[in-house]
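The values are calculated or read from the model by the stated rules, or taken from the named source; none is laboratory data. What you are looking at is a predicted structure, and each value in this text was computed from that prediction instead of being measured. Here the Cβ positions follow ideal geometry from the backbone for every residue, glycine too, while neighbour counts run over all protein chains shown.
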Amino acid sequence: MTTINNPVLPGFNPDPSIIYANHAYYIVTSTFEWFPGICLYKSFDLKNWKLISYPLNRVSQLDMKGNPDSGGIYAPCLSIDKGQFYLVYTDVKNLTGRFWDVNNFIVTTSDIEGEWSEPTYLNSRGIDPSLFHKSDGTKWLVSMEMSYRDGGKPGFPQWNGIIIQQYDEESRKFIGKCQKIYNGSDLGTTEGPHIYERNGWFYLLTAEGGTFYNHGVTMARSRHLLGPYETDPCGQMMTSRYDCRLPLQRTGHADLVETELGECFMVHLCGRPLPSRGRSPMGRETAIQKVYWSHDGWLRLSNEKTTADLVVHCRLPEKPWPDEPERDDFDSSTLPLHFQSLRIPLPEEICSLKAKKGWLRLHGKESLSSHHCQSLVARRQTDFVFRAQTCVDFTPTSFQQMAGLVCIYDTTNYIYLFLTADSEGKRTLNLMINDLNRFSQPTEKGIELDNDSPVHLKVEVSHDAAFFFYSYDEKEWHRVAGYVEYSKLSDEYFKEKGHERFTGAFVGICCQDFTGENAYADFDYFSYVPVIEDQ
């Protein structure tokens, strides 16, 4: 018996889709504007998961330059049929008012852990595409449908129900007309569809209520693929919206898998808000629940509730992965897999592990507010309490050259500890806070640094609080400014201000240069250390 603690994929890992193949379990999650696209995780026991690749790792597969914040890759669906693996996904290009430009694609491979094909464009009807492999050999694309017509909430398209259309794999085209098969329940905002065929029924699993605190999982079923579909009489078979005290909130957007031992599990997204603020800096994460089919043929949680458990059990033997190192010394020829960049890949001329042995060199590019070409690598925050640290060797000659350590949600919301030069050319250390494009600099003109040697930079995060430090020797640390309200790096904070965003907090390193002189910064290491709190 294996004891599984939720979430199984901590940190920004929303919209999970799961399969069993090759004696292992695989989950894909959304990556939005972070490149490469789509996280692919592997496990043998449903408890211990390892990031093994990003299927969309080439610009020819995914070109996100200019994509908006919280655009990019939405809700990939992973499936397998006759030894072939399929990924369908959305690349969101625009999120403006009634019109969202949401382009859906499919890629395939015979080796799930290898390279994936070039994408085939499908349609732009709506987000959350899912590929259903019917038992008769036909394939069907199911998604939600967007409408610019009246009925949507202010500033948004109308979520218009679930649609389906047959897909011909050989011609890579659709067959027949697109049909609406489900309007959703009274909860509304019906999305995230997956179809399963079981005991003469077609089951439609959907996410409803919006991806914030009204989120839930709703199932419907029909004797015919094209409907009509009957909604589960219990309403949402899983939701957290009735109890704000539950540790796993925002539960919804689910997918099913059956183990080789015959147990059934459901993966789903969730959020863990800070009790003091109701904000989730780690964004939407992935959890897992044990489920079963009731005597009358409906899906139910094994805890006999409609709320998710923090701890579940399965009969699979536990098979952990080796521990990942907490410190990256940049001694390898490739970056650690947990690092991603914003929107674009970083070629050798921007990001180099060869220019200075044992260091990562970042050439300065556009600002942290750019949607096009940033020189930044970062990893997910996966713990409520952690410290992140780096050492940067950087000699700027202008205030328009910067490099350092950043905690970032998106281009409008970040906290940046950086080296730069003042108006007299002296090297200084500054702390910049971008609060939804309202900028402040608690360090004012900056802290003058007393030499040109490398500088260690550190952030210590504890729930809502962040404190920043610098050191010359990693022994004597100096605090930079004071408390920073860290929980603003969350989509709930945007929601408080009337905006909707859907990602999570990252921490990493970056370099900017607006002078055209191609300034660069060398980073000796990067460490991320979870801190265990005293009970």
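Remarks
- ALA388 within 23 Å of the chain's Cα centre (by Cα) and closer than 14 Å to VAL529 by Cβ: yes
- Flag if ASP128 is in contact with a strand residue (DSSP E or B) (Cβ under 8 Å, 6 or more places away or on another chain), more than 16 Å from GLU197 (Cβ to Cβ) and surrounded by fewer than 15 Cβ atoms within 10 Å (Cβ to Cβ): no
- Residue list for the stretch 423-461, filter: hydrophobic (A, V, I, L, M, F, W, C) and either surrounded by fewer than 19 Cβ atoms within 10 Å (Cβ to Cβ) or under 18 Å from PHE506 (Cα atoms) (or both): LEU431, MET432, ILE433, LEU436, PHE439, ILE447, LEU449, LEU457, VAL459, VAL461
- Residue match in the stretch 199-222 (condition: under 18 Å from ASP81 (Cβ atoms) and out of contact with any strand residue (DSSP E or B) (no Cβ under 7 Å at 6 or more places or on another chain)): no
- Unmet criterion (only one of (1) in the same structural domain as PHE502 (by TED's automatic domain parsing); (2) part of a loop (DSSP other than H, G, I, E, B)) for ILE408: (2)
- Summed over the stretch 188-220, the residues that are surrounded by fewer than 20 Cβ atoms within 10 Å (Cβ to Cβ), at negative phi and under 30 Å from the mean Cα position of the chain (by Cα) give a count of 5.
- In the set (1) in a strand (DSSP E or B); (2) surrounded by 15 or more Cβ atoms within 10 Å (Cβ to Cβ); (3) charged (D, E, K, R), the condition left unmet by ARG479 is number (2).
- Scanning the stretch 66-81 for residues that are over 19 Å from HIS194 (Cβ atoms) and surrounded by fewer than 23 Cβ atoms within 10 Å (Cβ to Cβ) yields GLY66, PRO68, ASP69, SER70.
- GLN249 being among the polar types (S, T, N, Q) and under 26 Å from THR29 (Cβ atoms): yes
- LEU269 being assigned to a loop (DSSP other than H, G, I, E, B) and in contact (Cβ under 8 Å) with a residue 24 or more places away in the chain: no
- From the list LYS93, LYS50, the lone residue that is over 28 Å from GLU500 (Cβ atoms), among the basic types (Lys, Arg), surrounded by fewer than 24 Cβ atoms within 10 Å (Cβ to Cβ) and over 14 Å from the mean Cα position of the chain (by Cα) is LYS50.
- For the stretch 23-35, a tally of residues being in contact with a strand residue (DSSP E or B) (Cβ under 9 Å, 6 or more places away or on another chain) and surrounded by fewer than 20 Cβ atoms within 10 Å (Cβ to Cβ) returns 1.
- Set side by side, the residues SER135, SER130, SER70 differ, and just one is at pLDDT 95 or above and touching a Cys at 6+ places or on another chain (Cβ under 6 Å), which is SER130.
- Note on the stretch 372-391: residues that are in contact with a Pro (Cβ under 7 Å, 6 or more places away or on another chain) and either in a loop (DSSP other than H, G, I, E, B) or under 18 Å from THR515 (Cβ atoms) (or both) total 3.
- Any hit, the stretch 262-284, residues being of a type in the set (S, T, N, Q), farther than 20 Å from PHE502 by Cα and modelled with pLDDT under 95: yes
- Per the conditions (1) over 30 Å from LEU51 (Cα atoms); (2) part of a loop (DSSP other than H, G, I, E, B), the sole criterion not satisfied by ILE162 is (2).
- Which numbered condition THR307 fails, given (1) over 30 Å from ARG279 (Cα atoms); (2) not assigned by TED's automatic domain parsing to the domain that holds PHE469: (1)
- Screening PHE132 with (1) in a loop (DSSP other than H, G, I, E, B); (2) within 14 Å of ASP81 (Cα to Cα); (3) within 25 Å of the chain's Cα centre (by Cα) gives one miss only, at (1).
- Criterion: touching a His at 6+ places or on another chain (Cβ under 7 Å) and within 21 Å of PHE467 (Cα to Cα) - qualifying residue of GLN381, GLN389: GLN389
- Out of ILE80, ILE73, ILE106, sole residue that is in a strand (DSSP E or B), closer than 17 Å to THR286 by Cβ, touching a residue at least 12 places away in the same chain (Cβ under 8 Å) and not assigned by TED's automatic domain parsing to the domain that holds ASP410: ILE73
- Contacts under 9 angstrom Cβ, first residue in the stretch 162-181 being more than 19 Å from MET146 (Cα to Cα), partner among the small types (Gly, Ala, Ser) and surrounded by 18 or more Cβ atoms within 10 Å (Cβ to Cβ), 6 or more apart: none
- Filter result for GLU349 (loosely packed, with under 14 Cβ neighbours inside 10 Å, among the charged types (D, E, K, R) and either in contact with a Pro (Cβ under 8 Å, 6 or more places away or on another chain) or under 27 Å from ASP91 (Cα atoms) (or both)): yes
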